[in-house]
Amino acid sequence: MVSAGQQAGTGGYGSLNGSMQTFLSEVRKDLEQGVLSPRVLNDPELHRAELDRIFTKCWVFVGHVSEIPHPGDYVLRYIGEDQFILVRDEQGEIQLLMNNCVHRASPVCRAEKGNTSHFRCPYHGWIYKNSGEWNGAPFRAKAYRKLDASRWGLRKASQVDSYQGLIFACLDPDAVPLREYLGDMCWYLDVLFGLNEQGMRAAGDPHRWVVPANWKSGAENFVGDAYHVQSAHRSLEDIGLIPDISGAVTGNFHIAIEGGHGLIASPAFLPEPQYGIMDYPPEVTSIFDLSGFGPDQREFLESRYTIVGFTIFPNLSLIKTASSTVPGQPPVTFTCLRQWQPRGPEEFELWNWPLVWNAAPPEFNEASYEASVMGFSPSGVFEQDDTVVWRGGPMVGRSPFARRDMKLNFEMGLDGMSDYKSNPDWIGPGEATNSSFGERNQRRWWQRWSEVLASS
Ligand code: FES
Ligand SMILES: [Fe+2]
């Protein structure tokens, strides 16, 4: 018999009505013309469809392996708006368990993190192993003599896997494996996280805060929007933290990856010899070992390219850049994973994980963490600029006047609008461009969004 846990992910996704299907096909046609309806940034019906379809079908990031290194370690996480326990069980396997008792649905775990061999539901006291299996109940011999324990474990994600330390889960048992889902993103995850065999770790708990905007504004920004930096983040030049904010834009280019994923890449922007591979200083590059990389990955690294940001569809992004914490001080390179967690159509929770190298000097890791907090965190100087401007999405989305016929402009890079074009000589996988004065990555992200929503 199939256990309750194993049933997770089967069943329907809810059907889209005809008007929604018509709207999504209009979205796809609009994107080819370089426009997009603002309805996508606040509509409750679309939001429900995203939870029903995007977050139940796609591989979604749920944490970093360094957050649960030992058997029994757990943290609470979300897929869409559902809460799960990400836990390493007694066998060392990573499990993603729905945090709701199968008796009356009470959350069985109320601590954000910890270590435990079992979860005991506070309502009637049912007990589950940290692998999710049903393990007992008070007065079992009197109350549940014939209960089939194999059927009443916590519900589990159908698939859990990791790549380069990043743990993803998928609620669809029929979805392709993680590596296939990531596709050519793996090549770039290798050059980001595979530089040292001890890898990176989360520098403490993720920062979390609520932003009054739609989650897709963050995902779309990090998949390709290098253009906003010269305007939204202009004040960083004004206060002396970034010497040439326009220069920080012009060197960027895009890489579009099949599946709605995309990156912003760039030639390394910090000077040699103080900085080397991926803009790290010598005390960090000295721990790097390129011997396991393929020739094209080595060329990428030795030619001093770097990755500034990415989005893995649907809602995981990365920022990797450098900044000073004090004007006039040398910039320090930092890396953060960030996730755009939906909380209704007009609000999202931003989760941010600064990462540090396990083998790097502690002084560098400390400086890198501080630089990341200065730039990207609840008090980050970049962050506040972004989260303020994204507020506009729900405002026009709910406006009857705007929704009558307003379209947002996604034309940059289309039909001679700029010199933005493909670079067939790019050394890595994916479709690279010669600049970031275009919006191909963003249009593809939205195309993917509309396709997954519309698929059965
Ligand atoms: S709701 Fe969990 S034991 Fe009853
Ligand atoms: Fe930004």
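Note on region 395-414: residues that are assigned to a strand (DSSP E or B) and exposed (fewer than 15 other Cβ atoms within 10 Å of the Cβ) total 1. Evaluate the following for Tyr275: is it in a loop (DSSP other than H, G, I, E, B) and closer than 24 Å to Pro394 by Cα? No.
Ser317 passes every criterion in (1) more than 30 Å from Leu51 (Cβ to Cβ); (2) under 14 Å from the mean Cα position of the chain (by Cα) apart from (1). The residues of region 135-149 that are part of a helix (DSSP H, G or I) and either open to solvent by 70 Å² or more (accessible area, probe 1.4 Å) or within 16 Å of ligand 2 (Cβ to nearest atom) (or both), listed by number, are Arg140, Ala141, Lys142. Could you tell me whether Val284 is among the hydrophobic types (A, V, I, L, M, F, W, C) and under 25 Å from Trp445 (Cβ atoms)? So Val284 fails the test.
Of the residues making up region 365-383, just one is open to solvent by 40 Å² or more (accessible area, probe 1.4 Å), at pLDDT below 95 and closer than 11 Å to Phe334 by Cβ, namely Met374.
Per the listing Asn100, Asn135, the residue uniquely free of Cβ contacts under 8 Å to residues at least 24 places away in the same chain and either closer than 25 Å to Thr56 by Cβ or in contact with a helix residue (DSSP H, G or I) (Cβ under 9 Å, 6 or more places away or on another chain) (or both) is Asn135. Tallying residues that are assigned to a strand (DSSP E or B), within 16 Å of ligand 1 (Cβ to nearest atom) and buried (at least 21 other Cβ atoms within 10 Å of the Cβ) within region 55-111 yields 3.
Selection of region 373-382 for residues being touching a Ser or Thr at 6+ places or on another chain (Cβ under 6 Å) and near ligand 2 (Cβ under 10 Å from one of its atoms) yields only Gly375. Considering region 213-241, and only residues there that are within 14 Å of ligand 2 (Cβ to nearest atom), assigned to a helix (DSSP H, G or I) and among the hydrophobic types (A, V, I, L, M, F, W, C), the residue that is surrounded by the most Cβ atoms within 10 Å (Cβ to Cβ) turns out to be Val223. Check whether at least one residue in region 252-267 is open to solvent by 20 Å² or more (accessible area, probe 1.4 Å), within 25 Å of Val326 (Cα to Cα) and part of a loop (DSSP other than H, G, I, E, B), and report yes or no. No; the residues of region 252-267 include none that is open to solvent by 20 Å² or more (accessible area, probe 1.4 Å), within 25 Å of Val326 (Cα to Cα) and part of a loop (DSSP other than H, G, I, E, B). Restricting region 417-430 to residues that are open to solvent by 70 Å² or more (accessible area, probe 1.4 Å) and more than 27 Å from Gly393 (Cβ to Cβ) leaves a set whose member that is farthest from the chain's Cα centre (by Cα) is Asp419. Here the condition is being closer than 30 Å to Asp238 by Cα, assigned by TED's automatic domain parsing to the domain that holds Trp209 and more than 16 Å from ligand 1 (Cβ to nearest atom); of Phe348, Phe288, Phe293, it holds for Phe348 alone. A single entry from Tyr163, Tyr144 fulfils the requirement of being within 25 Å of the chain's Cα centre (by Cα), among the hydroxyl-bearing types (Ser, Thr, Tyr) and farther than 17 Å from Met98 by Cα: Tyr163. If you check Asp279, Asp244, Asp205 for being at positive phi, away from ligand 2 (no atom under 13 Å from the Cβ) and among the acidic types (Asp, Glu), only one passes: Asp279. Whenever a residue of region 281-305 is of a type in the set (Val, Ile, Thr), its partners that are crowded, with 18+ Cβ neighbours inside 10 Å and part of a loop (DSSP other than H, G, I, E, B), lying with C-beta atoms within less than 7 angstrom and at least six residues away or across chains, give the pairs Val284/Ala360; Thr285/Gly276; Ile287/Ala360. Considering (1) over 23 Å from His233 (Cβ atoms); (2) surrounded by fewer than 21 Cβ atoms within 10 Å (Cβ to Cβ); (3) in contact with a helix residue (DSSP H, G or I) (Cβ under 6 Å, 6 or more places away or on another chain), the lone condition that Trp446 does not fulfil carries the number (2). The condition of being of a type in the set (D, E, K, R) and either modelled with pLDDT under 95 or part of a strand (DSSP E or B) (or both) holds for only one of Glu299, Glu283, Glu349, that being Glu349. Testing Pro362 on (1) without any contact (Cβ under 8 Å) to a residue 40 or more places away in the chain; (2) under 20 Å from the mean Cα position of the chain (by Cα); (3) surrounded by fewer than 15 Cβ atoms within 10 Å (Cβ to Cβ), one condition comes back false. Which one is that? Answer for Pro362: the failing condition is (2). Does Glu45 qualify as being outside the structural domain of Trp390 (by TED's automatic domain parsing), open to solvent by 40 Å² or more (accessible area, probe 1.4 Å), out of contact with any Gly (no Cβ under 8 Å at 6 or more places or on another chain) and within 22 Å of Val452 (Cβ to Cβ)? Yes: the conditions hold for Glu45.
The values are calculated or read from the model by the stated rules, or taken from the named source; none is laboratory data. It should be emphasised that the depicted structure is a prediction, and the values quoted were computed from it without experimental measurement. Please note: Cβ atoms are built from the backbone with ideal geometry, for glycine as well, and neighbour counts cover all protein chains shown. Only protein heavy atoms, including side chains, enter the accessible area calculation; ligands, DNA and RNA are left aside. Shrake-Rupley method; radii C 1.70, N 1.55, O 1.52, S 1.80 Å.
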